[in-house]
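The values are calculated or read from the model by the stated rules, or taken from the named source; none is laboratory data. Quantities reported herein were computed from a predicted structural model and do not represent experimental measurements. Here the Cβ is made from the backbone with ideal geometry for all residues, glycine too, and neighbour counts use every protein chain on show. Just so you know, the surface numbers come from the protein's heavy atoms only, side chains and all, with ligands and any DNA or RNA stripped out. Shrake-Rupley method; radii C 1.70, N 1.55, O 1.52, S 1.80 Å.
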Amino acid sequence: MQGRFLKGFWFIFVLMLLGFVCMAIKPVQAATSIKQEFKASAGVTYQDYRINTSARNQAVRVLKANLSDPYTQIKVGIPDPLNKLSKTIARALTYYAPRHQVVGTINASFFGPTGLPVYLIAENNQLINAGKLPVGKTEYANEPIAFGMKDGKGIIAHYNLDLHFVHNGKSTPITASNKARATNQLILYTAKNPSKYTDTSEKGIEVVVEKLDAPLDLTFGSTVTGMVTKIRDYGDKTKTQIPKDGFVLSATGTSKAALKNIQIGDSISLAVDIDTLWQGADFMLGSGPMLVNKGKVDLSMDPKSPNAITRAPHTAVAVDKTGRNVFFVTVDGRQPGYSTGMNLTEFAQFLVSIGAYQALNLDGGGSTAMGVRYPGDSVVKLANSPADGFERYISTTLMAVSTAPNGQPTYIKAHKSNTSVLLKGSSIKILLDYVLDQYYNPVKASTKNLSITSKLGTAKGTAFTAAKAGKGTLTVKYSQAATSLPVEIVDQLAKLTISKSNLLVRNGDTVKLSVKGYDRKGRTVLMAPNAIQWSVTGKLGTISKDGTFTVTGTKGSGQITAAYGKTKAVVAVNIGPDQEVLDTFDQLTNWTVSSIRATAFSQSSTKKEPVKEGKAALKFNYDFTVSKSNTSAAYLNAAKSLVFTSRPNAIGVYVYGDGKNNWLRATLTDGKGKSRTIDFTKDMGLSWQGWKFVKAAIPKDVALPIKLKQIYVVQPHQELKSKGTLYFDQLQVFYGLK
């Protein structure tokens with residue numbers, strides 16, 4: 001029996017385990033939504049994607065540039081000098097010009113510790129930066145791949161850069177240009193180098209070439225020849241200056257051999273070229289890895305390497321199969337709950353999902369940034385949320401540019417100051433968000449030229465007044481740009497509510513009441529301020545058309561009524577007494593003691609000690625002699641603040657004095673949280689012995705509600721410091737005009 005039970009138990013356990021395993025391997029479903037979408041220009045669309053799974057959230061931004069639009073271009077932002085870093089948005093602002101509006105931008109290529117770009121840059125078929133290629137599939141850019149523009153199309157492809165020099169008929173490849181020289185490298189330095197010197201160590205050879213037969217512009221397919229004018233040999237610590245109309249060849253390690261036999265006066269030719277695909281390109285920007293190739297995820301680096309599997313912010317550029325659509329894409333990261341970030345395979349999968357045929361990874365991490373021109377704005381603003389909480393300084397950028405002229409008002413966006421259902425006779429404002437021309441450029445629009453029409457009411461300026469019950473639209477026009485806003489008007493109310501359900505007031509109080517109206521569907525209805533009829537029963541006071549109730553009576557009860565037609569709401573009103581006892585001090589549960597540069601304690605009086613009224617008084621012992629410097633004070637603190645919602649004139653209390661010439665005060669907190677001090681006596685005014693009733697006036701400018709926080713005894717004069725005992729009884733508050 002026991003064995004069969006155990007077998008049955010293990011069978012059930014295995015089934016449960018299999019169930020859990022099936023649940024564990026069940027693929028995670030992602031919910032993708034577009035939070036925001038708009039056209040930044042006639043040819044550029046912006047989308048803000050949110051991807052949510054049970055494991056993580058992602059925030060992805062996409063700028064899609066349609067190059068079939070005659071006014072849409074893709075441009076590159078190159079630092080000048082090359083090591084000058086700036087923020088992505090700031091770089092875009094430097095490219096603004098009439099008919100050259102940057103409508104979208106992203107950070108682009110990687111850069112090194114000195115600020116110099118790491119990989120190839122070319123513009124207008126000229127080499128700007130030769131760059132380098134890291135060794136090994138774990139590096140981002142381990143293959144020569146670039147994004148560029150040629151013949152109005154975006155290209156992402158491999159390239160073959162040929163940069164070499166020729167001496168005595170022998171051709172020698174050059175490692176890179178205008179960068180810090182590393183071991184076994186041969187570097188070309190030109191006038192575009194950020195420094196006018198090579199700034200290299202003595203552990204190399206440098207050859208200075210001048211007297212060129214043509215300008216050194218490094219145009220692809222060009223060759224320039226010059227004469228060696230200087231040589232800095234190995235071990236020479238002299239700084240090598242780069243000639244304005246020449247170049248320097250600098251070699252170290254195994255590359256020194258190519259320069260050893262060169263003599264002053266020798267002829268050297270410098271040649272640069274690129275493969276046919278890239279010849280004549282508007283620009284080229286090297287980066288890596290390739291993420292998408294021919295419409296499929298295909299990383300050109302090891303997808304299992306640390307750089308590839310780390311979830312982080314990323315930036316990419318992509319093209320569709322035609323090359324006519326270029327995508328700028330960012331995913332935010334390192335912000336749990338908002339956006340975790342993607343690994344490179346996940347990023348590539350997303351790029352495929354939006355139509356990428358080729359896609360190239362750009363600099364990411366904290367550098368990831370996207371700017372977009374929002375509707376109505378003139379310049380781009382930051383659209384994503386950088387991982388550091390702010391934009392980093394970066395090197396190159398890519399930009400989507402609109403060259404469209406200023407056109408005619410075509411698109412308009414406006415909104416109502418209140419979206420509630422309107423009661424007949426009520427008014428709202430129509431607020432203008434923006435006006436755009438046919439190219440989505442902002443139009444400077446004045447509300448004076450705004451036209452508002454509706455069959456359900458009338459408009460004066462930007463104010464619309466409801467005149468007729470029903471559902472309809474408000475037509476808002478600026479020149480030829482027009483939009484419609486829904487409007488619903490009712491002429492009856494199903495329910496009214498007043499901001500107060502009951503009132504306890506005092507003579508002289510002023511209370512502002514507000515009222516809300518609802519239709520039969522329970523929706524809030526916007527009412528004109530004078531739509532409600534107010535009335536007061538009983539000799540309590542008066543109420544104005546805007547609901548301001550002024551108490552003129554001294555006692556009694558009644559009600560305030562708010563009415564719209566047959567729909568009414570009431571507030572019960574009671575006028576309280578002019579004087580109330582706040583605390584008899586028969587019990588001391590609401591009072592604690594504290595002190596500064598003193599000691600103090602409290603207790604109930606005994607039968608043989610002074611009592612003014614009732615069973616007991618509060619006995620308060622203090623000792624100011626414990627400190628000989630500065631002011632001493634002893635406090636009675638109200639554990640539960642005494643709150644006054646009507647405005648009191650004064651607070652009073654019976655005090656059995658000890659004649660020690662102290663100062664009796666109290667602390668209030670007003671309705672704005674501000675602390676206020678009031679006086680029962682003047683300084684040294686607590687000079688009597690025996691019972692005396694004292695009052696502290698409350699300033700008229702103290703905001704309601706008022707809270708009594710503490711009563712305290714203070715002695716600011718060192719020569720008068722003493723110790724003694726006071727008794728308190730019948731703490732009271734006074735209201736009324738008298």
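Observations, loosely collected:
- Verdict on Val571 being under 30 Å from Val490 (Cβ atoms), at pLDDT below 95, open to solvent by less than 60 Å² (accessible area, probe 1.4 Å) and in contact with a strand residue (DSSP E or B) (Cβ under 9 Å, 6 or more places away or on another chain): no
- Region 234-251, residues that are outside any loop (DSSP other than H, G, I, E, B) and hydrophobic (A, V, I, L, M, F, W, C): Phe247, Val248, Leu249, Ala251
- Exclusive hit being without any contact (Cβ under 8 Å) to a residue 24 or more places away in the chain, of a type in the set (Gly, Ala, Ser) and farther than 19 Å from Tyr735 by Cα, set Gly657, Gly690, Gly673: Gly673
- Leu398 vs. criteria under 30 Å from Tyr96 (Cα atoms), more than 25 Å from the chain's Cα centre (by Cα) and buried (at least 21 other Cβ atoms within 10 Å of the Cβ): no
- Arg506 vs. criteria basic (Lys, Arg) and either touching a His at 6+ places or on another chain (Cβ under 8 Å) or surrounded by 20 or more Cβ atoms within 10 Å (Cβ to Cβ) (or both): yes
- Unique residue being surrounded by 23 or more Cβ atoms within 10 Å (Cβ to Cβ) and touching a residue at least 40 places away in the same chain (Cβ under 8 Å) when the list is Leu432, Leu382, Leu344, Leu423: Leu344
- Residue in region 601-613 that is buried (at least 20 other Cβ atoms within 10 Å of the Cβ) and under 18 Å from Val714 (Cα atoms) present: no
- Within region 39-71, the set of residues being open to solvent by less than 10 Å² (accessible area, probe 1.4 Å) and either β-branched (Val, Ile, Thr) or in contact with a Phe, Trp or Tyr (Cβ under 7 Å, 6 or more places away or on another chain) (or both) comprises Ala40, Ser41, Gly43, Val44, Tyr46, Ala59, Val60, Val62, Leu63.
- The C-beta contact set for region 57-69 (first residue over 20 Å from Met342 (Cα atoms), second residue of a type in the set (Val, Ile, Thr) and open to solvent by 30 Å² or more (accessible area, probe 1.4 Å), distance under 7 angstrom, 6+ apart or interchain) comprises Lys64/Thr45.
- Strands (runs of 3 or more DSSP E) (entirely within region 490-574) containing at least 3 residues that are in contact (Cβ under 8 Å) with a residue 24 or more places away in the chain and of a type outside the set (Asp, Glu): 495-498, 502-505, 510-512, 515-518, 524-526, 533-537, 548-551, 556-564
- Qualifying residue in region 312-326 (condition: among the hydroxyl-bearing types (Ser, Thr, Tyr), surrounded by 23 or more Cβ atoms within 10 Å (Cβ to Cβ), within 28 Å of the chain's Cα centre (by Cα) and under 24 Å from Ser41 (Cβ atoms)): yes
- Enumeration of residues in region 36-59 that are closer than 30 Å to Arg99 by Cα and charged (D, E, K, R): Glu37, Lys39, Asp48
- Residue selected from region 457-489 under the condition part of a loop (DSSP other than H, G, I, E, B) and without any contact (Cβ under 8 Å) to a residue 40 or more places away in the chain, by the criterion most open to solvent (accessible area, probe 1.4 Å): Gly461
- Among the residues of region 575-592, those that are in a strand (DSSP E or B) and open to solvent by 40 Å² or more (accessible area, probe 1.4 Å) comprise Gln579, Glu580, Val581, Leu582, Thr592.
- Filter result (in contact with a Lys or Arg (Cβ under 8 Å, 6 or more places away or on another chain), modelled with pLDDT of 95 or more and closer than 19 Å to Thr219 by Cβ) within region 78-128: Ile128
- Residues being out of contact with any Asp or Glu (no Cβ under 9 Å at 6 or more places or on another chain), surrounded by fewer than 15 Cβ atoms within 10 Å (Cβ to Cβ) and basic (Lys, Arg) - total across region 693-738: 1
- Among the conditions (1) at pLDDT 95 or above; (2) in a strand (DSSP E or B); (3) buried (at least 17 other Cβ atoms within 10 Å of the Cβ), the only one that Tyr440 does not satisfy is (2).
- Filter result for the condition that a residue is among the hydroxyl-bearing types (Ser, Thr, Tyr) and open to solvent by less than 50 Å² (accessible area, probe 1.4 Å), over Thr669, Thr677: Thr669
- Number of the condition not met by Glu391 [criteria: (1) part of a loop (DSSP other than H, G, I, E, B); (2) of a type outside the set (A, V, I, L, M); (3) more than 30 Å from Tyr140 (Cα to Cα)]: (3)
- The residue list Ile412, Ile430 contains one member that is β-branched (Val, Ile, Thr), assigned to a strand (DSSP E or B), within 21 Å of Ser378 (Cα to Cα) and within 31 Å of the chain's Cα centre (by Cα), which is Ile412.
- Any chance Ser595 is in contact (Cβ under 8 Å) with a residue 40 or more places away in the chain, buried (at least 17 other Cβ atoms within 10 Å of the Cβ), over 24 Å from Tyr735 (Cα atoms) and of a type in the set (S, T, N, Q): yes
- Condition broken by Asp213, with the remaining ones in (1) under 14 Å from Gln241 (Cα atoms); (2) free of Cβ contacts under 8 Å to residues at least 40 places away in the same chain satisfied: (1)
- The set of residues from region 680-720 being more than 24 Å from Trp591 (Cβ to Cβ) and touching a Phe, Trp or Tyr at 6+ places or on another chain (Cβ under 6 Å) comprises just one member, Asp683.
- Hits in region 375-390 - residues which are in contact with a strand residue (DSSP E or B) (Cβ under 8 Å, 6 or more places away or on another chain) and within 23 Å of Val44 (Cα to Cα): Pro375, Gly376, Asp377, Ser378, Val379, Val380, Lys381, Leu382, Ala383, Asn384, Ser385
- Tally, over region 640-666, of residues that are open to solvent by 20 Å² or more (accessible area, probe 1.4 Å) and modelled with pLDDT of 95 or more: 8
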